[in-house]
Structure formats: C-alpha cells, structure tokens
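Here the structure comes first, spelled out in structure tokens, and everything after it is commentary.
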Amino acid sequence: EIKAPNETMGSISLQKYFMGYGTMTGMSGSVLPVADELYATYDVRTVAIEPSREINRVDQGLRIYATDGAKRGALARQLLETHQTGRPILLGVQNVTEAEKYKQLLLANGIDEQHIQMLTARDALEDSFEEAKLVSHAGQAGKITIATNMAGRGTDIKLAPEAAAQGGLHVIMSYIPESTRAIQQFVGRAGRLGDPGSSAVYG
C-alpha cells in the first residue's frame, strides 16, 4: 500500500547542498563552457590542464537535415556502414521509443541481436556498477550500444585490439541537445586516453 510521505523532500537545492562543504574541487573534460556559471554559483575557478596524451578523435561535426526522414536515413546508412568495418558504435538517442526504432532497424538489416546492447530508461539497471560494466563493453568489435542517457559516464570504454585497429569507437548523437556540454560529454566517450575514435551529431 502506498503511504503518505513522512519527511520533507526537496527543501534544499543541489547547489546549496554543495555550498555547505568547506572545500569543493573536481575534474571534468567538459567543464570549460560552464566556467562562468561555476564561478557565479559556487565561487569556484576553473583551470584548463593540457591532456597527457594527444586527442586522436576525428569529429565529423553537426549534420543538419531538412526533414526527420532524411536524417534517419543518413544516420541508418552510417550505422550500417560503420558496423561493417567491425568498429564499435555508441548511439545516443532522446527516448526509449527512438532507441527501439533504431534497434528494429538494425535487426531488419541483418544485424545479429547479440551485437546490440540497450541502455535506456526502461532497461536501466538498479546497480550503477552494473551499468558502468555494460558501458565498458561498448568498445568490443562489432558492438552497437544504444543509450538514452549517460549512465556509467565515468567509465572508460576499453577498446578491443581489433576495434582499435579499425579506427576505434564511433559515437553518434541522433539529436542536438540544448546544452553544448551534453554534446561534449557524449562525443568525449570516443578517443579517450589517446585511443582512436570519431563522432558525428545529427540534427
């Protein structure tokens, strides 16, 4: 039986909560665009640190289409062509419905279901460790991971040797999010620690 709440929830914002700490520090590969906001909110300054290894990712940038059908067709062709090379793919979608549509498209084009893994709100795992483990498998040759969120975002996607030899992880966003930082976070899953990789954003 559902019972009435017996404690006050949401009485303090996340920002106020963090400001209760005496010291606050952190690292992020996508924080520079919000440096002014961090300073205004938390009085924390941002310093850029040069990467220890050269970024070896090819960003194909934004690909804008006049219609949703044209975008889906072009994205589907890239999915299939990239999969044929043996490279792993991480596809970011907006919702569960879109994730299922792309999965069915892949199956209809002869992609074996064992090559496809889903990480959506419906398929989300309760254990964040298990989610991170699922994301870590996204670097296996021929693997296609379809995700509606950035679960396990702190997890390095380890490339299998044969996947690295073919060009590494290819990251595709099927939409343009409102936040530039969200694009950086997703695109940044490829080409980590000097690994080869590439990205494309469809809109």
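The values are calculated or read from the model by the stated rules, or taken from the named source; none is laboratory data. Predicted model, so just to flag it, every value in this text is computed and none were measured. Here the Cβ positions follow ideal geometry from the backbone for every residue, glycine too, while neighbour counts run over all protein chains shown. Note: areas computed on protein heavy atoms with side chains; ligands, DNA, RNA excluded. Shrake-Rupley method; radii C 1.70, N 1.55, O 1.52, S 1.80 Å.
Express the accessible area of the chain per residue in Å², computed with a 1.4 Å probe while the remaining protein chains stay in the model. With the other protein chains kept in place, the chain gives 62 Å² per residue.
Sites counted here are GluC sites (Glu not before Pro) in a DSSP loop (not H, G, I, E or B) having no more than 15 other Cβ atoms within 10 Å; the longest part of the chain that contains none of them is 55-125. Dipole magnitude for the chain: about 420 debye, using +1 per Lys or Arg Cβ and -1 per Asp or Glu Cβ, origin at the Cα centre. The residue list THR82, HIS137, SER30 was ranked by how far each Cα lies along the charge dipole of the chain toward its positive end, using unit charges on Cβ atoms, and THR82 comes out on top. Placing unit charges on the Cβ atoms only, positive for Lys and Arg and negative for Asp and Glu, gives segment 1-101 a dipole magnitude near 340 debye about its Cα centre. With all protein chains in place and a 1.4 Å probe, the accessible surface of the chain carries 51 percent carbon and sulfur. Over the chain, DSSP H runs of length four or greater, each weighted -39,500 (n - 2.57), average out per residue to a 222 nm ellipticity of -9000 deg cm²/dmol.
For the chain, what is the number of Lys pairs with C-alpha distance below 27 angstrom, counting only pairs 8 or more positions apart or on separate chains? Counting lysine pairs in the chain gives 11.
Computed from Cα atoms, the angle from the helix 96-108 axis to the main principal axis of the chain rounds to 20 degrees.
Where is the GNM fluctuation largest for the chain (alpha-carbon springs, 10 angstrom cutoff): LEU38, LEU79, LEU14? In this elastic network of the chain, the residue with the biggest mean-square fluctuation among LEU38, LEU79, LEU14 is LEU14. Based on Cα contacts under 8 Å between residues 6+ apart, the chain shows a relative contact order of 28 percent. Sites listed here are chymotrypsin sites (Phe, Trp or Tyr not before Pro) in segment 1-103 whose DSSP assignment is loop and whose Cβ has at most 14 other Cβ atoms within 10 Å: TYR21, TYR65.
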